[in-house]
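Enquirer: Sharing a structure here in structure tokens format.
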Ligand SMILES: [Zn+2]
């Protein structure tokens, strides 16, 4: 290693140690919010419309000039969709930020930018985590200017940086991101989920209540953390068991329809994916890449296909896919890449999900940034 190399290496190590010390002093004290939040449609028989914002990737390429401009563009997409659709609710479907590009202490600053168009319009929302939201910071290779100096991987063997703790800069953790969202926003309906499932955090359920009878649920919206970043890309057996028990508790006879939201597609998405183009019974406009599924299937899908009340699953993650395909009685849907951050240059938009109360139905379509609408599909009954 050259002298310059040694110097850069040493300063990098110092950087990591300082950040580790800062992080170690942060204790996440979680506020307690009541277990259940109810969502009520406005007028009687009015549909309940939800906009899905998927893969915004705020903070991408933070250290470049063009990176921050992507966030301005993503804000414009969300504003356009919200103004065209005026939804009752918004769901942030993961990869809200690209944490692996964000070096600042608190990535919630970017998270806050991402939710601001929704908050500014007084629309309530909920969020789930994607694989980039608490991904570990990746040192840009161009920061190491001398040729031949490799990117730092932690822990570094045979170096003056000793111990794993010196290399523990992990950005802003899921719990802290969620704490900041919930504490600072009365419109946020997001939850930490049961402690027993941590570090898988965004596991919770909301109910859409009837406008005529505020005690009866029109639909249950389930949110699950499909991992990635600080832990594997799976929905674990423990999460599946939580869902099973919760559904048994609040919907024992499966009389209320259930709609499910998470970030990374299940493995069964690969099976139903159209081979070329998009043809019936699938509906959509983008089929431009392979499904990038979770690492394993640990029981969640088996539970869902066996429940007649489970109607549809919505995921993000694949920016080049926007289809819905049926799988047995269930619909498997991709959202639409909303953000200018993240890979791919396909036109941006958002999937809309509309729940009608009487008779019950779920309809979906995609609203593009330029206002166009396409890919309308009735998912239930
Ligand atoms: Zn993404």
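The values are calculated or read from the model by the stated rules, or taken from the named source; none is laboratory data. Predicted, not measured: the structure shown is a model, and the values here were computed from it. Reconstructed Cβ throughout: ideal geometry from the backbone, glycine too, with neighbour counts over all protein chains shown.
Enquirer: Yes or no: the range 321-329 includes at least one residue that is touching a strand residue (DSSP E or B) at 6+ places or on another chain (Cβ under 6 Å), in the same structural domain as residue 101 (by TED's automatic domain parsing), assigned to a loop (DSSP other than H, G, I, E, B) and within 14 Å of the ligand (Cβ to nearest atom).
Expert: yes
Enquirer: Next question. Report, by residue number, each residue of the range 73-109 that is at pLDDT below 95, farther than 21 Å from residue 262 by Cβ and assigned to a helix (DSSP H, G or I).
Expert: Of everything in the range 73-109, those that are at pLDDT below 95, farther than 21 Å from residue 262 by Cβ and assigned to a helix (DSSP H, G or I) turn out to be 101, 108, 109.
Enquirer: Next question, about the same structure. For the range 199-224, give me each residue that is closer than 15 Å to residue 251 by Cβ and without any contact (Cβ under 8 Å) to a residue 12 or more places away in the chain.
Expert: 215, 216
Enquirer: Yes or no: the range 162-170 includes at least one residue that is buried (at least 20 other Cβ atoms within 10 Å of the Cβ), farther than 26 Å from residue 267 by Cα, at pLDDT below 95 and out of contact with any strand residue (DSSP E or B) (no Cβ under 7 Å at 6 or more places or on another chain).
Expert: yes
Enquirer: While we're here: Take the residues in the range 177-195 that are over 15 Å from residue 111 (Cα atoms) and touching a helix residue (DSSP H, G or I) at 6+ places or on another chain (Cβ under 7 Å), then tell me which one is surrounded by the most Cβ atoms within 10 Å (Cβ to Cβ).
Expert: Across the range 177-195, the extreme among qualifying residues is 192.
Enquirer: Would you please name the residue that is nearest to residue 130 (Cα to Cα), looking only at residues in the range 330-357 that are touching a helix residue (DSSP H, G or I) at 6+ places or on another chain (Cβ under 7 Å) and away from the ligand (no atom under 16 Å from the Cβ)?
Expert: Result: 332.
Enquirer: Considering only the range 277-315, state which residues are without any contact (Cβ under 8 Å) to a residue 12 or more places away in the chain and in contact with a strand residue (DSSP E or B) (Cβ under 8 Å, 6 or more places away or on another chain).
Expert: Within the range 277-315, 277 is the sole residue that qualifies.
Enquirer: Among (1) within 16 Å of the ligand (Cβ to nearest atom); (2) outside any strand (DSSP E or B), there is one condition residue 303 misses while meeting the rest; what is its number?
Expert: Among (1) within 16 Å of the ligand (Cβ to nearest atom); (2) outside any strand (DSSP E or B), residue 303 violates only (1).
Enquirer: Could you grab the pairs with beta carbons closer than 6 Å, sequence gap of 6+ or different chains, first residue in the range 50-72 and in a helix (DSSP H, G or I), second one within 13 Å of the ligand (Cβ to nearest atom)?
Expert: 67/60; 70/60; 70/340; 70/341; 71/58
Enquirer: On the basis of being part of a helix (DSSP H, G or I), buried (at least 18 other Cβ atoms within 10 Å of the Cβ) and in the same structural domain as residue 109 (by TED's automatic domain parsing), does residue 222 make the cut?
Expert: No, not satisfied.
Enquirer: Right, something else. Quickly run through the range 340-381 and pick out the residues that are over 20 Å from the mean Cα position of the chain (by Cα), at pLDDT 95 or above and not in a strand (DSSP E or B).
Expert: Answer for the range 340-381, where residues must be over 20 Å from the mean Cα position of the chain (by Cα), at pLDDT 95 or above and not in a strand (DSSP E or B): 370, 371, 372.
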